[in-house]
Amino acid sequence: MKFGIFYEHQLPRPWGPKSEYQLLQDSLTQIELADKLGYDYAWEVEHHFLEEYSHSSAPEVFLGAASQRTKRIRLGHGVIQLTTNNPHRVAEKVATLDLLSGGRVELGMGEAAGPAELHPFNVKVRDKRERWEEAVKAIVPMFTKESWEYHGFTFVTPEAARAWVHKYYNNLLNNSQKLTDYPSNPNVAMVSGFMCAPTDAEAEVKAAGWTFFIFALSYYGRKGVDAPGTSNLWDEYQAWKGGPEEKKALESGLIGSPETIRRKLRQFQASRVDQVILLNQAGKTSHADICESLELFAREVMPEFHDAEAEHQVWKDKVLAGEIVLDDLDTKGYDIYSHQNEHIVRLTPEQLKAKMAEKEAVAKKAAAGDD
């Protein structure tokens, strides 16, 4: 199993004149440390206008800086929003980063979340799937067909991970519907809240940032994204803390002593995920706590799972060669967010189009009544 670290660049209020500067400088130092400690990946998101949730509007700039402070860790876009970026510029920026880093780039491509991120770019939510598919078809050939396919970026239980792994490989082998021609390099990744400390109790105290991350998702799921400057997520979070949802968030993450995290990771290892991406920078988690957590995990936990990577690759090769046939497990029972955030509603592209068309019709009717 391999390990990544994950950055939303969360920055809850209140903000000072140098808050954002310090956040980015600390994050670069953390990635430099992770590189020296032997972590495999550093992943950076792209979000826009999500004030306290993510200050990561220019991931290619941040990862470019990280490329010059690291030697071996792979640098991942997780993800670039294809709906708000010109496909040609995506290819140019990713290729440039790959050259600067010596070929260490991983590319994830996504759609963006909803109206708050899309409408300022004059993109309709209902069109985002088609725009994404069209962009994928345009971008991938631009890399001379040197591409990979990545599945993940979600929060799942070990049971759900096993079901999705089986579904992923069975679809890859028996129901591949590629948008364009590229060589497959199958990998399954999962993201988890993370804090490693000498004791479980100490880790839970230091993992408050992860619970803010879960609260923010829940808040957006219930209310949507507020207009800039009209909300204070950090204040809202104070009222949410201490309830059952916070406890559930702490239990679901890779949070605890080295032995506790090792025990949890063995369950995901048995599910055959390729990479666990550790979300450490969240909420107001301090730079010192993040670095100490990375160091303790690298020293006490990571070697066991790195050492098992060769065996895992043998298993994967046998699956892809048809020597191991995976059961066709049902994934319908695993709402991939439900165990942490029941407020997020997952709609199919068709359901989303219908919902947005209905919303637009109501708005037009109201406008006509005003006239």
Considering Cα pairs under 8 angstrom that are at least six residues apart, work out the relative contact order of the stretch 2-370 and quote it in whole percent. 22 percent
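Please state, to two decimals, what the Cα-based radius of gyration of the stretch 73-148 comes to when divided by 2.2 N^0.38 Å (N = residues). Show your work: numbers first, answer last.
Details: Rg = 12.8 Å, N = 76, 2.2 N^0.38 = 11.4 Å.
Dividing the Cα radius of gyration by 2.2 N^0.38 Å gives 1.13.
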With springs only between Cα atoms under 10 Å apart, run a GNM on the chain and tell me which of PHE62, PHE305, PHE143 wobbles the most. PHE143
With Cβ to Cβ distances under 14 Å as the rule, what net charge do the other residues near ARG72 carry (K, R +1; D, E -1)? +2
Output the DSSP H helices from the chain with an along-axis C-alpha extent of no less than 18 Å and a mean Kyte-Doolittle hydropathy no less than 0.0. 87-100, 208-223
Within the stretch 2-370, what percent of beta bridges assigned by DSSP are antiparallel, to the nearest 5? 0 percent
The size of the Cβ-based charge dipole (Lys, Arg +1; Asp, Glu -1) of the stretch 2-370 about the Cα centre, to the nearest 20 debye, is 580 debye
Projecting each Cα onto the charge dipole of the stretch 18-176 (Lys/Arg +1, Asp/Glu -1 at the beta carbon, about the Cα centre), which of ASN175, GLY114, VAL165 comes out farthest on the positive side? ASN175
10 Å-binned pair-distance histogram of the chain (Cα, whole percent): 5, 22, 34, 28, 10, 2, 0, 0
The aspartates and glutamates whose Cα lies under 14 Å from the Cα of LYS355, excluding any fewer than 8 residues away in the same chain, are ASP127
Of the listed peptides 159-169, 262-272, what is their order by residue-averaged count of other C-beta atoms within 10 Å, with the highest listed first? 159-169, 262-272
Excluding same-chain pairs closer than 8 in sequence, count the lysine pairs in the stretch 96-240 whose Cα atoms lie under 17 Å apart. 5
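Where a number appears in this text, it was derived from the coordinates with a stated rule and is not lab data. Everything quoted here is computed from the prediction, not taken from an experiment. Cβ sites come from the backbone with ideal geometry, for glycine too, and all protein chains shown count toward neighbours.
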